[in-house]
Structure formats: C-alpha cells, structure tokens
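Undergrad: I am attaching a structure below and will ask some questions about it afterwards.
The values are calculated or read from the model by the stated rules, or taken from the named source; none is laboratory data. All values derive from a computational prediction rather than experimental measurement. Counting neighbours? That spans all protein chains shown, and the Cβs are built from the backbone with ideal geometry, glycine included.
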Ligand SMILES: Cc1cc2nc3c(=O)[nH]c(=O)nc-3n(C[C@H](O)[C@H](O)[C@H](O)COP(=O)(O)OP(=O)(O)OC[C@H]3O[C@@H](n4cnc5c(N)ncnc54)[C@H](O)[C@@H]3O)c2cc1C
C-alpha cells in the first residue's frame with residue numbers, strides 16, 4: 001500500500017495543473033490516469049496549437065445551472081495569470097481572433113509546461129492506471145487500482161467529460177460523484193457540429209467546404225462567426241457555439257448577411273442593374289456555388305431583378321438573413337469539444353472545489369457543470385478550478 005497526501009485522478013489540463021500547485025505547497029501528490037499517453041486532448045486542441053486561454057474570459061462565457069459558481073475561481077486565477085506562466089516558459093503565442101490565444105508553435109509546449117511544473121513540484125504521474133474502487137475512511141480515501149492499493153488524505157476527481165472517448169473520456173467522475181451522494185446534472189455534447197434532416201442534407205451537402213460569415217441564434221443567444229457546410233451537416237465556430245444552447249427539436253436562426261443590409265443591397269442592384277438575374281446579384285456577396293444551391297434550396301425564382309416587386313425582394317433577403325433551420329441532431333460525443341452538465345456545483349464549494357458534504361473530495365475541470373464557450377474558455381476553467389483546489393488539497 002502506498003500512502004500519499006493527495007491523489008488526483010485524471011492527468012488532463014485540470015488534474016496536472018492542480019497537482020503542480022499542491023506539490024509546490026509541499027504536498028506529496030500522485031496523479032493517476034488510465035490513458036497510455038498523457039495530455040492527448042491538449043495535444044489535439046486548437047488544431048495542434050492549443051487555444052490555451054482567452055484574453056476576454058468572463059463568467060458570462062460559461063454555461064452552468066449555477067452561473068455564479070465559476071466566478072470566484074476565475075477571478076482568483078485568471079487568464080492573465082496563465083498568460084504570465086506561458087510567458088515565463090518563453091512560449092510564443094498569438095491572438096487568432098476574439099481574444100483567443102494560441103501557441104505559435106505547438107500544443108506540445110503546453111503539455112511540457114504542465115509536466116515541467118509537476119516535475120519541479122515533485123509530483124508523480126502514473127499513466128495506464130485503472131482505478132477500480134474508492135473507499136472513504138475517517139482520515140482519507142483508499143483506492144484499489146491496476147497498480148495496487150493507494151491511500152490519500154485528499155482525492156481530486158479531474159476525469160473530464162464524455163467528449164472524445166477515443167482520447168480517454170469516461171463517465172468515471174460522474175459515478176464517483178454519485179457513489180458519494182452528489183447529484184449529476186444531465187450531460188450532453190457541446191461545441192459540436194449539427195447533423196441535418198435528409199431533405200436539408202441532400203441539398204446542402206453539395207456545399208461541403210464552403211464557409212460563410214454568419215450569425216446563429218437560438219434561445220436568446222447569438223454568435224457572429226463563420227459557419228461551415230460539411231458533407232455531414234453544419235459546423236464552423238458559430239455553429240459549435242450555438243450548439244451548446246440548442247435543444248433537440250428547436251430551430252436555429254441563421255443570418256447569412258450579418259455585416260450589412262442585404263435588402264438595401266438588392267434594392268440598389270435593382271436600380272443600377274435591373275436586367276441582371278437574382279443569382280448574379282447574389283454572387284456579388286456569396287460564392288457562386290453557394291448561390292446556385294441556395295436559390296433552389298430557398299425555392300426562389302431566379303428572374304431579372306426588374307421583375308421583383310418590393311415585397312418579393314424582402315422575401316429573398318429574409319430567406320438569407322432569417323434562415324430557420326431545424327437540425328436533426330448533433331454529431332454527439334464522438335466529435336464534441338466539451339460535455340455540458342456534470343457534477344452539480346451547488347454541492348461543491350466555489351472557494352475550494354471540495355464537496356460540501358464529503359471532506360477531502362474535490363471535483364475540478366470539465367467533470368463539473370461548468371462549460372465554456374469555444375475560444376480557450378474551457379482550458380481557462382481547467383486552470384482556474386485546478387489552481388483553486390491546488391491551494392486546498
Ligand atoms: C479536439 C478537442 C479540442 C479542444 N480544443 C480546445 C481549445 O483549443 N481550447 C479550449 O479551451 N478547450 C479545448 N477543448 C476542450 C478542453 O480540451 C477540455 O475542456 C479540457 O481538456 C478539460 O480539462 P480536464 O482536465 O477537466 O479534462 P481532460 O483534459 O479531458 O482530462 C481528463 C483526463 O482524465 C482521464 N480519465 C478519464 N477517465 C478516467 C478514469 N476512469 N481513470 C483514470 N483517468 C481517467 C483521461 O484519460 C484524461 O487524461 C478541446 C476539446 C477537444 C476534444
């Protein structure tokens with residue numbers, strides 16, 4: 001039997017960051033992960049460059065049944081703290097868009113930063129280790145694992161959500177929460193592409209590869225970024241963002257002309273070039289391939305502009321600026337970046353991340369019911385919640 005002060009299950013972003021903080025305080029820390037390779041998800045993140053935080057991170061960028069829960073951690077360890085650490089390591093980075101910070105070189109630099117912080121703090125990281133059972137006793141926890149029995153005073157669950165099972169995701173954290181009497185908010189895939197009903201897919205799949213400026217709106221939330229047509233459905237940042245707010249059966253409203261007044265442009269074209277076809281006019285604003293498909297998809301007549309009455313041009317503009325699309329569903333956990341829902345945060349302390357009724361048991365990162373927008377917010381939650389727990393365990 002091995003005895004340590006702190007065991008952290010899950011060597012992802014939150015677990016490794018928490019481990020380094022606790023180790024720096026002189027705690028003897030062991031991190032266990034069932035995956036062979038440490039940091040797999042970080043290496044894949046941000047297209048291999050890891051969007052490690054967002055300069056504009058605020059509590060408003062996170063979804064949770066309790067929107068106040070994340071505030072304390074985000075303010076105690078902010079994006080600026082992590083940016084400072086990245087700079088200390090000499091990692092070059094850049095803002096891609098909307099405050100999103102990416103490594104210039106490779107996500108491997110963030111994994112190396114975390115492992116180096118753990119190393120300096122004397123943390124032991126054990127990969128390929130399956131935890132079979134956890135028992136609580138008066139002064140801590142006993143774990144049975146594929147590497148033998150361990151005992152610890154504090155136990156941190158940092159096993160993430162259900163997204164991307166091939167990278168090691170498992171429902172383990174939720175099961176441990178339930179074992180200790182904590183409730184788990186229903187989970188579903190977030191930041192995930194939409195799939196389409198056959199009647200939409202059969203037409204829109206032709207547009208695969210086309211990306212447009214757009215806004216996507218659902219449940220009083222609007223994101224203005226790109227959308228991308230794929231052979232399976234719809235993706236791109238605006239779609240991924242709105243997917244976290246969408247409920248099955250609902251329509252999403254897309255504005256495919258978000259930076260101007262399409263009706264005014266069509267009226268102007270009608271006055272200046274009355275003999276051109278509608279499709280020719282629209283091709284000034286959209287790729288030709290998109291216009292051809294859109295005209296038939298929206299069941300528009302393709303006549304010379306002079307033949308349109310005022311109301312008819314309004315209807316054309318509306319087809320593009322208030323396109324109501326009912327997705328068939330999402331691609332699910334297989335391709336989702338995050339998992340919505342998770343361990344009910346009302347049962348955790350927002351100051352320490354410890355379960356209010358289970359002394360010594362902590363939950364951090366994506367396993368809890370806090371989910372960020374696309375753009376570096378989810379890693380920031382991993383750093384902030386990991387840091388906070390690391391001061392206490
Ligand atoms: C493809 C992809 C790209 C992403 N890109 C970004 C990005 O650029 N920016 C951003 O902010 N967010 C991004 N995210 C989201 C971000 O990666 C996660 O929100 C973040 O990694 C969550 O950190 P975590 O430590 O809570 O969980 P994870 O990083 O998922 O780590 C959990 C760890 O627990 C381990 N584990 C699970 N079950 C068990 C078990 N039973 N026993 C032992 N170990 C277990 C897993 O192997 C894993 O190592 C991306 C996600 C994906 C899938």
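Undergrad: Can you tell me which residues in segment 306-340 are more than 16 Å from the ligand (Cβ to nearest atom) and either in contact (Cβ under 8 Å) with a residue 60 or more places away in the chain or touching a strand residue (DSSP E or B) at 6+ places or on another chain (Cβ under 8 Å) (or both)?
TA: 317, 320, 321, 322, 323, 324, 325, 326, 327, 328, 329, listed by residue number.
Undergrad: Sticking with this structure for a sec: Could you check segment 23-38 and list, in sequence order, the residues that are surrounded by 24 or more Cβ atoms within 10 Å (Cβ to Cβ) and either within 6 Å of the ligand (Cβ to nearest atom) or within 26 Å of the chain's Cα centre (by Cα) (or both)?
TA: If the condition is that a residue be surrounded by 24 or more Cβ atoms within 10 Å (Cβ to Cβ) and either within 6 Å of the ligand (Cβ to nearest atom) or within 26 Å of the chain's Cα centre (by Cα) (or both), then 31, 32, 33 are the ones that fit.
Undergrad: Is one or more of the residues making up segment 197-215 touching a strand residue (DSSP E or B) at 6+ places or on another chain (Cβ under 6 Å) and either part of a loop (DSSP other than H, G, I, E, B) or under 30 Å from residue 8 (Cβ atoms) (or both)?
TA: Yes, some residue in segment 197-215 is touching a strand residue (DSSP E or B) at 6+ places or on another chain (Cβ under 6 Å) and either part of a loop (DSSP other than H, G, I, E, B) or under 30 Å from residue 8 (Cβ atoms) (or both).
Undergrad: Please specify each residue of segment 178-195 satisfying the condition of being in contact with a helix residue (DSSP H, G or I) (Cβ under 8 Å, 6 or more places away or on another chain) and more than 9 Å from the ligand (Cβ to nearest atom). Walk me through it before giving the result.
TA: At the first step, the residues of segment 178-195 found to be in contact with a helix residue (DSSP H, G or I) (Cβ under 8 Å, 6 or more places away or on another chain) are 182-184, 187, 189-195.
182, 183, 184, 187, 189, 190, 192, 193, 194, 195, listed by residue number.
Undergrad: It is to be established whether one or more residues within segment 42-65 are out of contact with any strand residue (DSSP E or B) (no Cβ under 8 Å at 6 or more places or on another chain), under 23 Å from residue 121 (Cβ atoms), buried (at least 16 other Cβ atoms within 10 Å of the Cβ) and modelled with pLDDT of 95 or more.
TA: yes
Undergrad: Something else about it: Looking at segment 255-278, which of the residues that are surrounded by 16 or more Cβ atoms within 10 Å (Cβ to Cβ) and within 12 Å of residue 314 (Cα to Cα) is farthest from the chain's Cα centre (by Cα)?
TA: So, considering only residues that are surrounded by 16 or more Cβ atoms within 10 Å (Cβ to Cβ) and within 12 Å of residue 314 (Cα to Cα), the one farthest from the chain's Cα centre (by Cα) is 267.
Undergrad: Right, something else. Which residues, taken from segment 1-22, are in a strand (DSSP E or B) and buried (at least 19 other Cβ atoms within 10 Å of the Cβ)?
TA: Answer for segment 1-22, where residues must be in a strand (DSSP E or B) and buried (at least 19 other Cβ atoms within 10 Å of the Cβ): 6, 7, 8, 9.
Undergrad: Next up: Go through segment 154-175 and count every residue that is without any contact (Cβ under 8 Å) to a residue 40 or more places away in the chain and either outside any helix (DSSP H, G or I) or touching a strand residue (DSSP E or B) at 6+ places or on another chain (Cβ under 7 Å) (or both).
TA: The qualifying residues number 1.
Undergrad: Does any residue of segment 246-255 turn out to be touching a helix residue (DSSP H, G or I) at 6+ places or on another chain (Cβ under 7 Å), at pLDDT 95 or above and under 30 Å from residue 354 (Cβ atoms)?
TA: Among the residues of segment 246-255, not one is touching a helix residue (DSSP H, G or I) at 6+ places or on another chain (Cβ under 7 Å), at pLDDT 95 or above and under 30 Å from residue 354 (Cβ atoms), which makes the answer no.
Undergrad: Let me ask something else about it. Can you pull out the residues in segment 356-379 that are more than 8 Å from the ligand (Cβ to nearest atom) and in contact with a helix residue (DSSP H, G or I) (Cβ under 6 Å, 6 or more places away or on another chain)?
TA: Once the filter is applied, which keeps residues that are more than 8 Å from the ligand (Cβ to nearest atom) and in contact with a helix residue (DSSP H, G or I) (Cβ under 6 Å, 6 or more places away or on another chain), segment 356-379 yields 356, 362, 368, 369, 370, 373.
Undergrad: Take residue 281 and tell me if it is farther than 30 Å from residue 230 by Cα, assigned to a helix (DSSP H, G or I) and touching a helix residue (DSSP H, G or I) at 6+ places or on another chain (Cβ under 9 Å).
TA: The answer is no for residue 281.
Undergrad: Go through segment 109-126 residue by residue and tally those that are out of contact with any strand residue (DSSP E or B) (no Cβ under 6 Å at 6 or more places or on another chain), more than 16 Å from residue 88 (Cα to Cα) and surrounded by 15 or more Cβ atoms within 10 Å (Cβ to Cβ).
TA: Looking only at that region, the number is 1.
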